[in-house]
Amino acid sequence: MRKTCSRQAAGSVLVFALSASAPPALAQNIDPEVVEEELERLDKQIKDSKKHYDEASSAEAKKLINADYKMLQKIRQVVAQVSPLDESSADDSTVGELAEPDASRAGDLEMELADLDEQIRDPKRAVPPGATSEEELEVLLATLRARRTLLRTDYLKAKYGILFPWHLLRPQMKNIRLVEQRNGRSIQWDLEWDTSNLPKPASAVRGTFVIADRDGQAKWQHFHRVDKQMTPGEAFTDSGVGFKYDPLVDSHAWVRNSSTDEMTARFEVWSIQYMDGTRQDYLH
């Protein structure tokens with residue numbers, strides 16, 4: 001089964017829907033060569049990631065590299081849906097989306113990516129001489145590469161309008177607090193959801209809610225489901241989201257001891273049920 005592209009009459013988002021016969025369609029504002037170059041870039045990064053994992057001696061670095069490797073694979077699956085040049089790697093569980101580009105934002109992100117590439121080429125320039133051991137340097141490099149991976153998805157969204165599953169519903173954590181309960185303590189927060197990238201009204205969304213550090217590295221994650229009517233462009237709030245707190249669990253302690261300035265949040269969508277009865281599934 002292949003995918004075809006259809007435009008929503010009421011908005012600017014293009015949705016790749018399942019079709020039994022049509023090949024993947026390419027948006028007119030994206031040059032096929034651009035997509036092919038991006039796929040080649042991703043293939044090289046995936047290959048390099050395997051090499052970095054084998055060469056790393058630090059368990060923490062291996063953990064970061066492995067997470068980045070999985071993220072690169074997800075990104076490649078989405079980018080492949082935009083290109084008719086790579087049908088062999090297309091997967092029916094992945095749905096590509098296109099939104100309006102933002103040239104100004106793309107320019108800013110391009111400069112940030114160039115700076116990250118420079119840091120990756122010479123990571124020691126970011127730390128004082130002798131202040132970093134070899135294992136610490138491995139972790140630093142793995143962190144920089146993972147930051148570059150996520151930042152590039154923001155660049156692809158701004159430059160070409162390519163949306164990834166973590167762009168569709170964007171959460172913002174507010175009012176993080178420790179709550180005393182009869183059966184123990186819990187960490188709770190309120191989630192304000194930005195729905196502006198949804199292609200059409202939805203009734204249920206499943207996915208992974210991720211709390212990460214400023215570099216985008218996941219510190220705590222859990223399955224999350226939103227069961228309510230969601231209209232594109234209309235924000236809504238979930239109150240009292242959280243988990244039972246165990247101070248001996250590293251991820252719990254990190255969330256408890258970190259400020260909101262040190263945290264980022266994202267929602268990696270698995271599936272969306274739309275109000276019109278259709279459903280989209282995403283690679284996870």
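This table checks each residue for (1) modelled with pLDDT of 85 or more; (2) surrounded by 14 or more Cβ atoms within 10 Å (Cβ to Cβ); (3) more than 23 Å from the chain's Cα centre (by Cα).
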residue	(1), (2), (3)
Ala9	no, no, yes
Ser21	no, no, yes
Ala27	no, yes, no
Ile46	yes, yes, no
Ser49	yes, yes, no
Ala56	yes, yes, yes
Lys62	yes, yes, no
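Listed by first and then second residue, the pairs with beta-carbon distance under 7 Å, at least 6 apart or on different chains, first residue in segment 100-114 and over 8 Å from Tyr155 (Cβ atoms) and touching a residue at least 24 places away in the same chain (Cβ under 8 Å), second of a type in the set (Gly, Ala, Ser) and surrounded by fewer than 13 Cβ atoms within 10 Å (Cβ to Cβ), are Glu100/Ser12. When Asn257 is tested against the conditions (1) touching a Pro at 6+ places or on another chain (Cβ under 6 Å); (2) farther than 17 Å from Met71 by Cα, the lone failure is (1). Considering Pro199, Pro165, Pro232, the condition of being closer than 30 Å to Glu38 by Cα, touching a residue at least 60 places away in the same chain (Cβ under 8 Å) and out of contact with any strand residue (DSSP E or B) (no Cβ under 6 Å at 6 or more places or on another chain) is satisfied by Pro232 alone. Within segment 64-75, residues that are under 11 Å from Thr143 (Cα atoms) have Cβ atoms under 9 Å from residues that are assigned to a helix (DSSP H, G or I) and hydroxyl-bearing (Ser, Thr, Tyr) in these pairs: Leu64/Thr143; Ile65/Ser49; Ile65/Tyr53; Asp68/Ser49; Asp68/Thr149, counting only partners at least 6 apart in sequence or on another chain. Pairs are defined by a Cβ separation below 9 Å, a sequence spacing of at least 6 or placement on different chains, a first member in segment 44-56 that is outside any helix (DSSP H, G or I), and a second member that is of a type in the set (D, E, K, R); the pairs so defined are Ala56/Lys62; Ala56/Glu135; Ala56/Glu138.
Among the residues of segment 247-265 satisfying the criterion of being touching a strand residue (DSSP E or B) at 6+ places or on another chain (Cβ under 7 Å) and hydroxyl-bearing (Ser, Thr, Tyr), which is farthest from His167 (Cα to Cα)? Taking the candidates together, the pick is Ser251. Looking at segment 197-284, the strands (runs of 3 or more DSSP E) lying wholly inside it that each contain 3 or more residues that are under 20 Å from the mean Cα position of the chain (by Cα) and surrounded by fewer than 17 Cβ atoms within 10 Å (Cβ to Cβ) sit at 218-226. Just one of the listed residues (Asp108, Asp92, Asp86) is at pLDDT below 60, among the charged types (D, E, K, R) and not in a loop (DSSP other than H, G, I, E, B), namely Asp86. State whether the residues of segment 177-187 include one that is modelled with pLDDT of 90 or more, surrounded by 14 or more Cβ atoms within 10 Å (Cβ to Cβ), closer than 30 Å to Val139 by Cβ and polar (S, T, N, Q). Among the residues of segment 177-187, not one is modelled with pLDDT of 90 or more, surrounded by 14 or more Cβ atoms within 10 Å (Cβ to Cβ), closer than 30 Å to Val139 by Cβ and polar (S, T, N, Q), which makes the answer no. Evaluate the following for Val78: is it touching a Gly at 6+ places or on another chain (Cβ under 7 Å), surrounded by 13 or more Cβ atoms within 10 Å (Cβ to Cβ) and modelled with pLDDT of 80 or more? It is true that Val78 is touching a Gly at 6+ places or on another chain (Cβ under 7 Å), surrounded by 13 or more Cβ atoms within 10 Å (Cβ to Cβ) and modelled with pLDDT of 80 or more.
Contact map, segment 169-187: first residue closer than 14 Å to Ser239 by Cβ and touching a residue at least 12 places away in the same chain (Cβ under 8 Å), second residue among the hydroxyl-bearing types (Ser, Thr, Tyr) and assigned to a strand (DSSP E or B), Cβ cut-off under 7 Å, separation 6 or more or different chains; pairs are Val179/Ser186.
Restricting Gln273, Gln221, Gln280, Gln229 to those that are within 18 Å of Lys70 (Cα to Cα) and polar (S, T, N, Q) reduces the list to Gln221.
The single residue among Tyr160, Tyr155 that is aromatic (Phe, Trp, Tyr), modelled with pLDDT of 90 or more, buried (at least 19 other Cβ atoms within 10 Å of the Cβ) and out of contact with any Phe, Trp or Tyr (no Cβ under 9 Å at 6 or more places or on another chain) turns out to be Tyr155.
In the set (1) at pLDDT 80 or above; (2) surrounded by fewer than 19 Cβ atoms within 10 Å (Cβ to Cβ); (3) assigned to a helix (DSSP H, G or I); (4) of a type outside the set (Gly, Ala, Ser), Pro101 fails one condition alone, (3).
The values are calculated or read from the model by the stated rules, or taken from the named source; none is laboratory data. On a predicted model such as this, the values are computed, not experimentally measured, just so you know. Here the Cβ is made from the backbone with ideal geometry for all residues, glycine too, and neighbour counts use every protein chain on show.
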